[in-house]
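Step one of this worksheet: look at the structure below.
The values are calculated or read from the model by the stated rules, or taken from the named source; none is laboratory data. These numbers were taken from a predicted model, which means no experiment stands behind them. Please note: Cβ atoms are built from the backbone with ideal geometry, for glycine as well, and neighbour counts cover all protein chains shown.
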Amino acid sequence: MANDGLLLDVSDLNVSFKTKKGMAAAVRGVSLRVERGESVAIVGESGSGKSVSSLALLGLLPKSAQITGSAKFDGQELVGMTQSELQAIRGKRISMIFQDPMTAFNPVFTIGDQISEAMEVHGTAEGEAAMKRAADLLEMVGVPEPGQRVNQYPHEFSGGMRQRAMIAMAIANDPDLLIADEPTTALDVTIQAQVMEVLADIRGETGAAMILITHDLGVVAGSADRVQVMYGGRIFERGTTNDVFYDPLNPYTRGLLSSMPRVDAIGERLVPITGAPPSILNMPPGCAFGPRCEHKVAACAAQPATLELVKPGHETRCHRTAELPAYKAVETIA
Amino acid sequence: MTDMLDESDAKYTQRTNDNLTIPDGPDIDFAAVEGLAENPESLGRQAWDRFRRHRLAIVGSAMLVFLAIAFWVGPYFLDQGFEEINVLERAQGPSVAHPFGTDDLGRDLLARTLRGGQYSLRIAIVTAVFSTAIGTVFGSIAGYFGGAVDGAINFIVNVLLTIPLLLVLIIFGRQFGARPNTVALLIGALAWLRAARLVRGQVLQLKEMEFVQAARAAGAKSGRIIVRHLIPNLVGILLVEITLLAGTAIILESTLSFLGLGVQPPDTTLGTLIADAKGSIDVRPSRVLIPGAIVTIIILSINFIGDALRDAVDPKSGIE
Amino acid sequence: MFIFALRRLFAAIPVFLVATFAIFWGTSEIVDPTDRLATCQTCSQAAYDRIIDLYELDKNVPLRYASWLGDFVTGDMGAATSQGERPVSEIFWERGRNTMLLALPAFFLLMGLGAATGIYSALRQYSKGDYAITSISYLGLAMPTFFFGLLLQVVFAIWVPKYLGVKPFWASGMHLESPLQFIRSVTLPVITLMFVLLAGDSRFIRASVLDIKSADYIRTARAKGVSERKVISKHLFRNAMIPAVTVWSLDAAALFGGSLITETIFSWPGFGRLAIEALQAGDLDLLMSISFAIIVLVIMFNLLADILYGVIDPRIRYD
């Protein structure tokens, strides 16, 4: 599976919701390319549109969502696909791992039932064989005593174990693409690292590509090849993980990085971004980040900036890219 | 035992835990998709906005105001009092002189309906306030002190949940039913369970909150904490509870009166009017239908207001 | 599970004792069997003494309660003075059966219709069907049972015969002569019994299905490619049954204990009417037997509901 080639090609994806106060655009002109076996992180705060875009790909948004643009998965256009066509892809070729393992499993069925259901709906395995494979999968993701645990109910699993089981369910049909939506947010810090490790191991074994959706830059560092930073439904910066972390071009990305504690900068002051993200019902007409940006000028409020290529593979959306000071990691306090 | 209370009573709370008001378009729970920033507005203002959004609640409020004015002011414009017997005009159909007709003793049914409406509304309000007060006292004590006190109150609640309400009302109605205030007290004494459960749950949450902990750390006594810190935070849900209980009270009161165990003649309530008219239902069905429709409209209006209030006080429980 | 049921049964005993004692005491204070004799000119002192003796009115309330309870639990409910000295157990069988003739069809219709309308309303939220069901439910919640029953009588026993010339249903009395007569007499009381409960059930099930509909695990099921039909019939339905059990157990207790109102309006000789008759006749013992039987019924249905939760919801473990 790990052969080169484009797996997912999303271009100009727009998602808006019909609301009482008119249309609310949650995702605006997002593009995303994922190669086979590659790991791409989408980073952003709540409301940045990162989860909505991934749910849109699989047709999992409520009916009031209007989706335009194109999303080609392995050559097939996902946008506009019927529900039954999408059902054949969901859980089989593209699997999702959800944020909260506490609520993502159905409380009235056993973990084994729910993992084997993923195989049964796609005809990969049936009955006993499916249960057997469910146990094997649990073992793969590091759940101890998988033979017994398949017969247990979600409430009998701890949070970390449940998230492992979630991963086991996602890989049951050996998918080409995993979409992990905040897979560690609901977990303790120590468990977070374990779960990310399991994800990395599993990808090593199956060769699945991954879209990692998170608000936590710390999770991104070790596990993504490339990063896209989203804000207000738009991509603000994208590039390789190294580029974005060590040479961030966009004021928003810089703000995110300086508000994050890092081991290589002990003793430095954390600088929070002031203000709150805009509501999608009430987007500023210009740059979405403008009102919170310390470098803003009049032009920022007038119209949104475009995504520009600054150097190979590294893009940013800012009116003032050329004028911004060079990035210093963080100011050191004397 | 606690769970028994919660489960069986939960039905009661949740049964009406929804509302009829339908927004213009399908509502999306953005918070469910992704947390979104909210516009900071004052809580009172938000609550009022949410209440106003329920058009039916506005209609219900207008209806209740109209009925209350009719019940209390209307009699002054009538020539015949509700007790006045006029043997010459017995059992008549609607006419200009008697828009609702007259009963078997020749009493004007419009005057009696207005009188009945007065009593029904009064009983509903007294019952609801009284019942909610008992529920608040028991609920806040149970929630605040917990332990054995909570267990004892839970036991009382369980006993009352087991006793068939209507049967007890009927047995005791013979003794207490004669006067409107005692009817209200009787119903109120038996209908406080839901309020108690609600308040207990809220107090359990509130007492862990920082401002209560701070008051306690500052040495405030329990009674003071309950009265000064907890109850003010319960005003919203208590208002909702009083409203919904008023609806329940009207149903119970009219049922009791219908069985002849409520307010005694010559006074009357809407339920009594229906009971009086039952015998002549095949000749003059309107005598049953008019008071029945008024009772239904009152309860409907109260329920609309209650749902809107609940949504205003607790947005989570509202539109889904 | 068995041990749990047994424990719950034991826990219910004090509730039963306190509840029945409270009713016994209260009723003894209020219902005076000698009332009947006060207006009776021809009655003798002997009759008076007989009543004092029969209801043990010369003893204090706790003693009377104890002796009464002893009889009740040993199954000896004695004879009912107000019902021609027939044994209470015999009356219970007869009246209980009559109540069942109404309660059973009402209960099953209620379960089916409550689930159907509630689930439909939630899945098609804001559709015309939802509006219709919601509006009718609101009406049901706002109408006292006795008024709804009388309304049915007005429509089907007065207006329909008057304007259409046919009388499709009996408006009063129990008619068991033939299956057709049975259906004609049972229809209106069953609808009356059901309507108010149905309104509440439907709203409640709608609200819980709305919650479940947007639950994360429903999205998870969709995300693994489960078809919409199966998401509803398997994942949603099974979870919706948990809250439904609560309302159904309360409905069952309300229906099978006999309805005072419905049976009165439709002159149906059931268990509920018996309570009114006993009250009017001042028959303390009979009234007590009825109250106790209803309390036992309520406790039983609570217990049954708890056991059912354990079967449906694995999160509830009884051990």
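Summary of computed values
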read-out: Selected residue (only one of C:SER28, C:SER89, C:SER44 is crowded, with 17+ Cβ neighbours inside 10 Å and either under 24 Å from the mean Cα position of the chain (by Cα) or at pLDDT below 80 (or both)); value: C:SER28
read-out: Residues (in contact (Cβ under 8 Å) with a residue 40 or more places away in the chain, surrounded by 20 or more Cβ atoms within 10 Å (Cβ to Cβ) and not polar (S, T, N, Q)) located in region A:113-140; value: A:ILE115, A:ALA118, A:MET119, A:HIS122
read-out: Subset of region C:221-237 that is free of Cβ contacts under 8 Å to residues at least 12 places away in the same chain and more than 9 Å from every other protein chain (Cβ to nearest Cβ) - its residue that is surrounded by the most Cβ atoms within 10 Å (Cβ to Cβ); value: C:SER233
read-out: Whichever residue in region B:268-288 is outside any helix (DSSP H, G or I) and touching a Gly at 6+ places or on another chain (Cβ under 6 Å) and, among such residues, is nearest to the other protein chains (Cβ to nearest Cβ); value: B:THR269
read-out: Helices (runs of 4 or more DSSP H) contained in region B:158-258 and holding at least 1 residues small (Gly, Ala, Ser), within 17 Å of the chain's Cα centre (by Cα) and surrounded by fewer than 18 Cβ atoms within 10 Å (Cβ to Cβ); value: B:180-190, B:231-258
read-out: Residue list for region C:208-220, filter: under 23 Å from C:ASP251 (Cα atoms) and either touching a Leu at 6+ places or on another chain (Cβ under 6 Å) or buried (at least 22 other Cβ atoms within 10 Å of the Cβ) (or both); value: C:SER208, C:VAL209, C:ILE212
read-out: Counted residues, region A:96-106 - those being assigned to a helix (DSSP H, G or I) and either closer than 14 Å to C:HIS235 by Cβ or within 7 Å of another protein chain (Cβ to nearest Cβ) (or both); value: 2
read-out: Residue match in region A:194-216 (condition: small (Gly, Ala, Ser) and either at pLDDT below 85 or touching a Phe, Trp or Tyr at 6+ places or on another chain (Cβ under 6 Å) (or both)); value: no
read-out: Set C:ALA275, C:ALA240: member being more than 30 Å from A:LEU178 (Cα to Cα) and surrounded by fewer than 24 Cβ atoms within 10 Å (Cβ to Cβ); value: C:ALA240
read-out: Any hit, region C:181-192, residues being within 14 Å of another protein chain (Cβ to nearest Cβ) and surrounded by 15 or more Cβ atoms within 10 Å (Cβ to Cβ); value: yes
read-out: Candidates A:MET196, A:MET161, filtered to the one that is over 12 Å from A:SER39 (Cβ atoms) and surrounded by fewer than 24 Cβ atoms within 10 Å (Cβ to Cβ); value: A:MET161
read-out: Looking only at region A:146-165, and only at residues there that are in contact (Cβ under 8 Å) with a residue 40 or more places away in the chain and aliphatic (A, V, I, L, M), the one that is nearest to the other protein chains (Cβ to nearest Cβ); value: A:ALA165
read-out: Test: A:LYS20 is surrounded by fewer than 20 Cβ atoms within 10 Å (Cβ to Cβ), modelled with pLDDT of 85 or more and farther than 26 Å from C:VAL231 by Cα; value: no
read-out: Qualifying residue in region A:40-59 (condition: among the hydroxyl-bearing types (Ser, Thr, Tyr), under 20 Å from A:SER223 (Cβ atoms), within 17 Å of the chain's Cα centre (by Cα) and away from chain B (no Cβ under 13 Å)); value: no
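To keep it simple, each residue is scored yes or no on (1) buried (at least 22 other Cβ atoms within 10 Å of the Cβ); (2) closer than 20 Å to B:ASP276 by Cβ; (3) under 30 Å from the mean Cα position of the chain (by Cα).
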| site | (1), (2), (3) |
| --- | --- |
| B:GLY81 | no, yes, yes |
| B:THR102 | yes, yes, no |
| B:GLY117 | yes, yes, yes |
| B:ALA124 | yes, no, yes |
| B:ILE134 | no, no, yes |
| B:GLY147 | no, no, no |
| B:ALA152 | no, no, yes |
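For every residue, the table says whether it meets (1) in a helix (DSSP H, G or I); (2) of a type outside the set (A, V, I, L, M, F, W, C); (3) more than 8 Å from chain C (Cβ to nearest Cβ).
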position: A:VAL108; (1), (2), (3): no, no, no
position: A:GLU117; (1), (2), (3): yes, yes, no
position: A:ALA130; (1), (2), (3): yes, no, yes
position: A:ALA135; (1), (2), (3): yes, no, yes
position: A:PRO144; (1), (2), (3): no, yes, yes
position: A:ILE167; (1), (2), (3): yes, no, yes
